[in-house]
Amino acid sequence: MHLIPTQDEVVALLRETGALRDGHFEYPNGLHSNEYLQVPLALRHYQHQRLLSVGLARLLRSHADIRAIMRDLSIVVPATAGLPVAYGVCEAARARQVYWAEREHDNEPLHFRQYVEPEPGEPVVLVDDILRTGSKLMELKRLLETGGAVVVGLAVVIYQPNPNTASFGSLPLYYLAKLEASYYADSQHCEMCKRGEPLEKAWV
Ligand SMILES: [Zn+2]
């Protein structure tokens with residue numbers, strides 16, 4: 001294993017733990033895909049959480065501009081699924097703190113708990129296990145910036161873009177592996193549906 005795990009090493013670990021599966025899946029937003037990916041299945045094992053988050057911390061520290069502000073840097077997460085990675089990154093990179101946003105119901109905005117808020121000018125790296133649509137990360141970025149934070153980057157274990165992935169413009173994106181699944185807008189356009197392959201629902 002390399003100091004920063006390679007794409008192949010990360011993919012092998014995801015497959016071995018069942019976090020990455022081949023098949024024919026329908027996501028809640030209606031997209032059909034040939035891959036299922038749920039990083040928490042790999043994060044169940046402490047040694048994997050450690051390997052991935054230390055790798056991501058090393059990747060962040062390899063950038064001089066991030067390394068220079070590390071002691072002041074906040075690691076902020078859009079949902080609790082990203083916390084194992086966030087704490088691992090914070091510890092290994094020796095960043096300042098970790099906090100997270102959440103919501104109780106699907107139709108309410110992301111928010112921080114009472115008295116948890118960024119300070120004006122606070123440098124932040126957004127961290128999550130995966131960047132897929134990016135909608136929550138985008139909402140988190142706006143929430144932080146409204147509070148005066150300065151978002152300096154985005155760091156995820158897996159970058160799996162799809163046709164609906166939000167654009168973060170010039171914001172630097174750091175990731176350990178990029179996975180490109182095939183996506184189809186719906187069953188009408190899906191090659192696997194055309195071949196009659198059995199469909200599994202992905203809950204995400
Ligand atoms: Zn299909």
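The values are calculated or read from the model by the stated rules, or taken from the named source; none is laboratory data. Worth saying up front: this structure is predicted, and the values here are computed from it rather than measured. Here the Cβ is made from the backbone with ideal geometry for all residues, glycine too, and neighbour counts use every protein chain on show. Quick note on the areas: whole protein, heavy atoms, side chains included, nothing else; ligands and nucleic acids left out. Shrake-Rupley method; radii C 1.70, N 1.55, O 1.52, S 1.80 Å.
In region 184-197, the residues that are in contact (Cβ under 8 Å) with a residue 12 or more places away in the chain and within 8 Å of the ligand (Cβ to nearest atom) form no Cβ pair under 6 Å with any partner that is open to solvent by 60 Å² or more (accessible area, probe 1.4 Å) and of a type outside the set (Ser, Thr, Tyr), whether six or more places apart or across chains.
Given the structure, is PRO40 under 30 Å from ASP186 (Cβ atoms) and in contact with a Leu (Cβ under 7 Å, 6 or more places away or on another chain)? No, not satisfied. Only one entry of ARG94, ARG132, ARG142 meets the criterion of being open to solvent by 30 Å² or more (accessible area, probe 1.4 Å), on the phi > 0 side of the Ramachandran plot and among the basic types (Lys, Arg), and that entry is ARG94.
The set of residues from region 162-187 being within 28 Å of ASP106 (Cα to Cα), open to solvent by 60 Å² or more (accessible area, probe 1.4 Å) and of a type in the set (S, T, N, Q) comprises ASN164, SER167.
With respect to the conditions (1) touching a helix residue (DSSP H, G or I) at 6+ places or on another chain (Cβ under 9 Å); (2) within 22 Å of GLU145 (Cβ to Cβ); (3) at pLDDT 95 or above, ASP72 falls short on a single one, namely (1).
Is region 150-164 home to any residue that is without any contact (Cβ under 8 Å) to a residue 60 or more places away in the chain, more than 16 Å from the ligand (Cβ to nearest atom) and farther than 24 Å from HIS63 by Cβ? Looking for residues that are without any contact (Cβ under 8 Å) to a residue 60 or more places away in the chain, more than 16 Å from the ligand (Cβ to nearest atom) and farther than 24 Å from HIS63 by Cβ, one finds none in region 150-164, hence no. Restricting the search to strands (runs of 3 or more DSSP E) fully inside region 59-171 and requiring at least 2 residues that are farther than 30 Å from ALA12 by Cβ gives 97-100, 123-131, 150-159.
State whether the residues of region 34-51 include one that is open to solvent by less than 20 Å² (accessible area, probe 1.4 Å) and not in a helix (DSSP H, G or I). For region 34-51, residues open to solvent by less than 20 Å² (accessible area, probe 1.4 Å) and not in a helix (DSSP H, G or I): present.
Taken over region 188-203, residues that are loosely packed, with under 12 Cβ neighbours inside 10 Å and hydrophobic (A, V, I, L, M, F, W, C) amount to 1. Considering region 90-126 alone, what residues qualify as being out of contact with any Pro (no Cβ under 9 Å at 6 or more places or on another chain), among the hydrophobic types (A, V, I, L, M, F, W, C) and under 18 Å from GLN49 (Cα atoms)? Once the filter is applied, which keeps residues that are out of contact with any Pro (no Cβ under 9 Å at 6 or more places or on another chain), among the hydrophobic types (A, V, I, L, M, F, W, C) and under 18 Å from GLN49 (Cα atoms), region 90-126 yields CYS90, ALA92, ALA93, ALA95, VAL98. Could you tell me whether region 160-172 includes any residue that is more than 25 Å from LEU31 (Cβ to Cβ) and within 12 Å of the chain's Cα centre (by Cα)? Checked region 160-172: no residue is more than 25 Å from LEU31 (Cβ to Cβ) and within 12 Å of the chain's Cα centre (by Cα). For region 105-119, the set of residues classified as of a type in the set (Phe, Trp, Tyr) and open to solvent by 50 Å² or more (accessible area, probe 1.4 Å) consists of TYR115 only.
Suppose the filter is touching a residue at least 12 places away in the same chain (Cβ under 8 Å), over 20 Å from LYS178 (Cβ atoms) and over 19 Å from the mean Cα position of the chain (by Cα); does ARG50 pass it? No. For GLU102, the conditions (1) more than 16 Å from the ligand (Cβ to nearest atom); (2) surrounded by fewer than 21 Cβ atoms within 10 Å (Cβ to Cβ); (3) of a type in the set (D, E, K, R); (4) within 26 Å of SER33 (Cα to Cα) all hold with the exception of (4). Contact annotation: residue pairs with Cβ atoms under 6 Å, 6 or more positions apart or on different chains, pairing a residue in region 1-26 that is small (Gly, Ala, Ser) with a partner that is open to solvent by less than 20 Å² (accessible area, probe 1.4 Å), are ALA19/VAL39; ALA19/ALA42.
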